[in-house]
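Quick notes on the structure that follows.
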Amino acid sequence: MVDGILSPILEKLTSMAVDEAKEQVRLVTGVGKEAEKLTRKLRTIQTVLNGAEKRQIKEETVRLRDACYDMEDVLGEWNTARLKLQIDGVDDHENDALVPKKKVCSFFPAASCFGCKPIFLRRRIALKMKDINETLDDIAKQKAEFGFAVNVINSNERADQRVPSISSIDESEIFGRETQKNDLVNRLLCESSEEQKGPCVISLVGMGGIGKTTLAQLAYNNDDVKNHFEKRIWVCVSDPFDVFRIARAIIEALTGSASNFGDFQSLTQYFEEHVEGKKFLLVLDDVWNEDYSKWEPFYNCLKSGFHGSKILITTRKETVARIMGSAHFISVNVLSEMECWSVFQSLAISGKTIGKRENLEKIGREIVKKCKGLPLAAKTIASLLRSKNTEKEWQNILESEIWELEAIEKGLLAPLLLSYKELPSKVKRCFSYCAVFPKDYKIRKHKLIELWMAQGYLSEKGAKEMEDIGEEYFNILASRSFFQDFKKYDDGEISNCKMHDIVHDFAQYLCSNECLTVEIHSGEELAISSFGEKKILHLLLTLRRGASVPISNIWDNVKRLRGLRSFLVKSDEYSWSSEVLPQLFDKLTCLRVLKLEGSERWSSVNDIKEIPTNIEKLLHLKYLNLYSQREIEKLPETLCELYNLERLNVDDCENLRELPRGIGKLRKLMYLDNEGTESLRYLPVGIGELIRLRRVSKFVVGGGYDRACSLGSLKKLNLLRQCSIHGLGDVSDAGEARRAELEKKKNLVELELHFDRLRDGDEEQAGRRENEEDEDERLLEALGPPPNLKKLVIGDYRGRRNVVPKNWIMSLTNLRVLRLCGCRNCEHLPPLGKLPSLESLVIWRMESVKRVGNEFLGVESDTDGSSVIAFPKLTQLTFDYMEELEEWDIETAIKGEIIIMPRLSSLTIEFCHKLKALPDHLLQKTTLQKLKIWDGCPILEERCRKETGEDWKNWKNWKNWKSGISGLQ
């Protein structure tokens with residue numbers, strides 16, 4: 001993994017030297033010499049590492065890794081000093097100072113560089129470089145050619161953690177286990193003896209990755225088992241055995257929600273009441289607990305269930321099964337070689353040509369033998385070989401020396417190491433970072449990519465954005481089975497995933513416990529012992545309600561975390577002291593990521609009240625997340641000294657009134673997430689200088705505030721990909737709209753235009769515009785459509801026509817999603833059927849539309865007789881709160897063949913009180929799979945009522961009808 005750190009460092013050293021030459025900015029002589037030494041030594045280390053990877057398992061030593069991290073920090077300081085010089089200018093006449101070609105002027109308030117005098121900062125950078133050079137010299141003396149020790153996880157350290165589980169499973173992908181599955185199902189269905197008091201416990205016992213969870217899933221989803229039990233509950237337990245969390249999970253499964261309880265007694269009482277009299281099957285997956293005192297009170301609560309209830313546990317330790325009073329033990333064994341081969345060939349060989357299959361099968365069968373019947377090993381190696389088509393590549397895997405390490409093989413790390421070795425060096429760092437999440441954690445793909453970006457693991461390549469690079473890296477890891485349990489959006493894109501426990505342990509093993517997860521429960525304190533003697537770089541801290549972080553302990557804890565690079569805090573109504581954050585900011589100066597999310601509950605009494613001014617000390621910070629901190633009203637001006645900040649998240653900070661006026665100094669800012677900031681009335685004028693911005697969730701314009709940005713501030717922001725513009729109802733100058741030059745923003749793919757009014761006070765005081773209908777129409781025409789737009793939302797538009805102007809219709813050839821919301825004065829729908837790529841359309845609260853006809857299709861009545869397709873790609877259509885809509889029909893007088901919505905699969909009608917009927921062409925369609933007619937559609941509800949409705953007969957014989965009609969009584 002050290003090479004993954006070294007490569008970016010060398011890139012930075014080289015690029016910084018080139019940049020300085022271009023900008024004619026001179027460094028202190030000492031810094032230059034030390035930088036040259038570092039470059040030579042780091043290149044030597046990199047060469048040795050490339051050779052070491054071929055013969056070693058782990059390509060790092062702790063000292064070398066730490067030196068690399070120190071080097072990253074020093075380069076960060078050096079680069080930040082240069083950036084500050086460019087933005088603020090430095091008036092320093094000393095001959096060894098950083099000297100610009102000419103002083104840079106700025107209207108922003110000046111601040112001392114990182115709280116230090118410039119000369120002190122330069123001297124400190126030079127000294128740090130010298131110290132790192134000395135460290136590398138020392139390493140070279142002690143380790144010939146920077147040799148690396150092989151570190152092997154002790155067999156007692158749980159190298160064989162299991163897959164984080166869910167209850168669902170695709171049985172078509174499972175091979176073997178038929179006999180054991182039948183045995184387990186029979187045990188679950190057989191009646192318990194009359195003497196049995198409490199649920200019967202059955203245990204599946206075996207090593208990690210052997211298939212215990214898979215076997216439990218097969219039984220859990222068996223139809224006979226489903227019919228036998230009134231309630232089925234699946235809980236992934238893992239370590240530690242947290243009875244509070246387990247009980248909450250069971251209650252949520254039984255009731256559909258998890259109520260809040262302050263103590264275990266009230267929780268267990270509620271839990272007992274909901275279990276009482278029910279015949280249930282409870283699966284406790286991955287149990288480690290060997291303390292009977294923790295199990296006994298929990299089991300006693302389950303005794304109120306109906307006779308015949310069963311508890312199925314999976315565990316790696318037979319002692320755990322005995323402590324939990326198991327009546328039956330089922331040992332889960334390895335797959336047979338034939339079954340293991342089926343797993344392997346379905347992934348590695350399936351899809352290859354017959355000729356290649358014959359050549360590779362012999363080698364593949366030899367590889368399967370080395371998998372020793374372990375399903376995970378077979379799957380992991382098969383995923384690795386899936387993209388390899390030559391015998392030489394397969395033979396190299398077969399002959400790998402890594403398999404000879406018995407401890408690694410038994411720990412199931414060997415197949416992971418093989419896949420890991422094949423990863424590009426930069427992807428290796430991305431993988432190991434995932435160890436910061438707890439086991440069984442639902443990893444959101446885009447959030448993970450954001451964290452990778454903040455750590456500097458991703459870099460732009462030509463026209464490729466960092467997010468796109470992150471997607472590539474994620475897909476590489478997913479294809480090698482480092483991720484699993486994927487959840488997807490409707491369009492097939494992965495939304496979240498999990499990591500197998502073994503994979504998680506493997507990531508921890510690689511990064512030598514750099515990552516740590518700590519959870520503090522009610523009545524507990526954050527203690528020094530939580531961190532042990534580890535050098536933690538990435539910390540995820542969860543503070544439950546009632547948790548405590550004593551001020552007296554802050555400094556002692558922080559001393560061990562001075563090199564922390566990620567501090568991810570999730571608080572559950574944790575009460576922040578005004579003294580905690582200043583102490584943290586004062587010492588955690590290496591942070592790249594600071595995530596201080598507020599509670600997701602409505603209560604905000606314990607949220608952070610303000611951000612300390614000494615946040616400027618976090619000079620390396622790239623990602624600041626203050627999501628849902630509802631008590632924050634403003635951010636300090638010193639935040640604008642964070643020159644490396646790339647992402648600022650203040651989503652749902654509903655009381656935030658203003659952003660710092662010096663925000664224009666944040667030249668590296670790419671993402672401003674400020675959705676849900678209901679009190680935000682304007683953005684500072686400096687926002688127009690942030691030319692690297694890719695996303696602004698809420699771009700507030702107009703309002704008449706001093707120092708507020710305008711529509712014209714968008715002119716330079718040509719890298720924008722997503723932008724939601726608010727406050728257009730306060731804009732009356734169409735010329736200002738033209739100055740935004742939206743039509744030139746080729747990168748803009750998601751755009752929202754909200755004609756709302758954000759000025760304080762009533763409309764009279766705010767200066768209600770005259771002829772606002774005409775002004776909105778002129779304003780929209782002047783904005784002009786970006787050429788590559790894929791998603792468009794128009795809200796609160798007051799014009800009577802042209803809610804989507806004609807010139808827009810001709811240009812929106814790539815538009816896939818369109819939302820028209822609250823356009824209350826429009827009397828007719830635009831000709832949206834002309835949009836060739838439109839897939840999803842929502843029309844909401846267009847209160848003046850009484851009829852939808854041919855104009856909606858965009859088909860002229862005098863068509864020349866040729867075939868016309870209206871809405872060629874539309875799959876989802878929604879009419880919502882169209883309270884005056886009475887008719888929706890197509891005139892038959894149009895000449896020629898008209899094909900209407902040939903791909904429509906989902907139609908939703910809500911609160912259309914006066915709508916009399918659906919058009920005939922929809923009633924005759926065969927592609928529609930889902931029809932929802934919800935409250936507020938009394939006439940339609942009657943026509944579509946099951947069996948008796950006039951239109952029911954039109955649907956009941958549809959061959960591909962899947963979801964049926966919902967929303968009807």
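What the table below lists for this structure:
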read-out: Qualifying residue in the stretch 946-965 (condition: assigned to a loop (DSSP other than H, G, I, E, B), of a type in the set (Phe, Trp, Tyr), under 17 Å from Thr908 (Cβ atoms) and at pLDDT below 75); value: yes
read-out: Complete set of residues in the stretch 277-323 that are touching a Leu at 6+ places or on another chain (Cβ under 9 Å), within 23 Å of Lys226 (Cβ to Cβ) and not in a loop (DSSP other than H, G, I, E, B); value: Phe280, Leu281, Leu282, Val283, Leu284, Asp285, Leu302, Lys310, Ile311, Leu312, Ile313, Thr314
read-out: Selection from the stretch 223-241 of residues that are within 21 Å of Thr315 (Cβ to Cβ) and open to solvent by 30 Å² or more (accessible area, probe 1.4 Å); value: Arg232, Trp234, Asp239, Pro240
read-out: Selection within the stretch 337-356 - assigned to a helix (DSSP H, G or I) and not charged (D, E, K, R); value: Met338, Cys340, Trp341, Ser342, Val343, Phe344, Gln345, Ser346, Leu347, Ala348, Ile354, Gly355
read-out: Residue among Val701, Val685 that is more than 19 Å from Gln722 (Cβ to Cβ) and among the β-branched types (Val, Ile, Thr); value: Val685
read-out: Tyr433 under 24 Å from Arg692 (Cβ atoms) and either at pLDDT 85 or above or touching a helix residue (DSSP H, G or I) at 6+ places or on another chain (Cβ under 9 Å) (or both); value: yes
read-out: Check on Val334, part of a loop (DSSP other than H, G, I, E, B) and in contact with a Gly (Cβ under 9 Å, 6 or more places away or on another chain); value: yes
read-out: Cross-chain or 6+ apart pairs with Cβ under 9 Å, the stretch 871-882 first and charged (D, E, K, R), then surrounded by fewer than 17 Cβ atoms within 10 Å (Cβ to Cβ) and not in a loop (DSSP other than H, G, I, E, B); value: Asp880/Val842
read-out: Enumeration of residues in the stretch 336-348 that are among the hydrophobic types (A, V, I, L, M, F, W, C) and either open to solvent by 10 Å² or more (accessible area, probe 1.4 Å) or free of Cβ contacts under 8 Å to residues at least 12 places away in the same chain (or both); value: Met338, Trp341, Val343, Leu347
read-out: Any pair with Cβ under 8 angstrom, 6 or more apart, that starts in the stretch 893-908 at a residue that is in a loop (DSSP other than H, G, I, E, B) and surrounded by 13 or more Cβ atoms within 10 Å (Cβ to Cβ) and ends at one that is small (Gly, Ala, Ser) and at pLDDT 90 or above; value: Met901/Ala870
read-out: Phe329 in contact with a strand residue (DSSP E or B) (Cβ under 7 Å, 6 or more places away or on another chain) and outside any loop (DSSP other than H, G, I, E, B); value: yes
read-out: Where Thr315 falls short, out of the listed (1) among the hydroxyl-bearing types (Ser, Thr, Tyr); (2) open to solvent by 20 Å² or more (accessible area, probe 1.4 Å); (3) farther than 17 Å from Ser192 by Cβ; value: (2)
read-out: Candidates Glu471, Glu467, Glu450 - the one that is over 23 Å from Glu422 (Cα atoms), assigned to a helix (DSSP H, G or I) and in contact (Cβ under 8 Å) with a residue 12 or more places away in the chain; value: Glu450
read-out: Residues of the stretch 346-376 that turn out to be closer than 24 Å to Asp501 by Cα and not charged (D, E, K, R), as a count; value: 10
read-out: Positions within the stretch 714-753 being open to solvent by 40 Å² or more (accessible area, probe 1.4 Å) and in a helix (DSSP H, G or I), in sequence order; value: Arg738, Arg739, Glu743, Lys744
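Here's the yes/no breakdown for (1) open to solvent by 10 Å² or more (accessible area, probe 1.4 Å); (2) of a type outside the set (Gly, Ala, Ser); (3) part of a loop (DSSP other than H, G, I, E, B):
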site	(1), (2), (3)
Pro582	yes, yes, no
Cys590	yes, yes, yes
Leu596	no, yes, no
Glu616	yes, yes, no
Leu621	no, yes, yes
Leu648	no, yes, no
Asn655	yes, yes, yes
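Per-residue answers, yes or no, for (1) open to solvent by 70 Å² or more (accessible area, probe 1.4 Å); (2) under 27 Å from Leu918 (Cα atoms); (3) touching a Cys at 6+ places or on another chain (Cβ under 7 Å); (4) touching a residue at least 40 places away in the same chain (Cβ under 8 Å):
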site: Glu775; (1), (2), (3), (4): no, no, no, yes
site: Pro787; (1), (2), (3), (4): no, no, no, yes
site: Lys790; (1), (2), (3), (4): yes, no, no, yes
site: Leu812; (1), (2), (3), (4): no, no, no, no
site: Leu820; (1), (2), (3), (4): no, yes, no, no
site: Glu827; (1), (2), (3), (4): yes, yes, no, no
site: Trp844; (1), (2), (3), (4): yes, yes, yes, no
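So that you can scan it fast, the table gives a plain yes or no per residue for (1) open to solvent by 60 Å² or more (accessible area, probe 1.4 Å); (2) hydrophobic (A, V, I, L, M, F, W, C):
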{"residue": "Asp440", "(1), (2)": "no, no"}
{"residue": "Glu450", "(1), (2)": "no, no"}
{"residue": "Lys461", "(1), (2)": "yes, no"}
{"residue": "Phe486", "(1), (2)": "yes, yes"}
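The values are calculated or read from the model by the stated rules, or taken from the named source; none is laboratory data. Since this is a predicted model, take the numbers as computed values, not measurements. Cβ sites come from the backbone with ideal geometry, for glycine too, and all protein chains shown count toward neighbours. To get the accessible areas, we keep the full protein, side chains included, count just its heavy atoms, and leave off ligands, DNA and RNA. Shrake-Rupley method; radii C 1.70, N 1.55, O 1.52, S 1.80 Å.
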